[in-house]
Structure formats: structure tokens, C-alpha cells
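Structure, as C-alpha cells:
Any read-out appearing in this document is the output of simple, stated calculations on the displayed coordinates, not a laboratory observation. Since this is a predicted model, take the numbers as computed values, not measurements. Positions of Cβ are backbone-derived with ideal geometry, glycine not excepted, and every protein chain shown enters the neighbour counts.
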Amino acid sequence: MKTMHAPMLAVGLMLLSPLAQAEVVNLTNSAEGATKDAAVSEARKKLQDACTDRKGKPDPASFEVVFERTSTNPDVPKPHYVDAKLKCDLP
């Protein structure tokens, strides 16, 4: 009976190993837009696309704008600039 515990333990560890290799990473990106909302939504879309391209699962609740700037120059077509980050669960 003791010899059966070791193989069962080994099989259990092998089944759990892919779960142990999963990691959460923070992705960052920037975007520009005609309005602040347009820039934020563009940054959100870029981050979610980057996460899914890496076969990960984005965490929408973790989306955060880190930096924002508005240009005072009236000739700039997209005066709003944002930097944002998002958590991504990678397999």
C-alpha cells in the first residue's frame, strides 16, 4: 500500500504543475485621442488586445490610467494623451 502513495502523489503534482506556471503580468501602453474618453478607451482596447494576443485573460477591473496629459496647442488633432496599465493572467 505504501508504494501506491508515491505514484499517486507524483501524478497529482504533474496535474497541478500547469497551474503553478501561470502568472499575472502588468501590461502598459499609451494612446492619444480627440477627447480624454477616446484616449482612455483606445488605451483599454490596446491593452486587452495585447493580453488576448498572448493567450491571456485580461482583468478589466485592474485597468488604471497612470498618466494623462492634454496639449494646449489648438492645432494638434489628438490633444489628449494617456498611459495606462492592465493586469493579464497568462497561462
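Within the shell of other residues whose beta carbon sits under 9 angstrom from the beta carbon of residue 66, the net charge comes to -2, with Lys and Arg scored +1 and Asp and Glu -1. Between residue 52 and residue 38, the simple label model (points 7 Å from Cα in the Cβ direction) yields a spacing of 2.3 nm.
Ordering 76-84, 29-37 by mean Cβ neighbour count within 10 Å, with the highest value first, yields 76-84, 29-37.
Rounded, prolate or oblate: which one fits region 23-90, using the alpha carbon gyration tensor with axes a ≥ b ≥ c (rounded when a/c is under 1.5, else prolate when a/b beats b/c, else oblate)? Prolate is the answer for region 23-90, as a/c is 1.5 or above and a/b outweighs b/c. For region 23-90, a simple Cβ point-charge model (Lys and Arg +1, Asp and Glu -1, everything else neutral) yields a dipole of about 120 debye relative to the Cα centre.
Less than 18 Å apart at the alpha-carbon level, and either on another chain or at least 8 residues along: which lysines does that give for residue 45? Straight-distance partners of residue 45: 36, 55, 57, 78, 85, 87.
Compared with the direct C-alpha span, the chain from residue 67 to residue 8 gains 16.1 nm at full extension, assuming 0.36 nm per residue.
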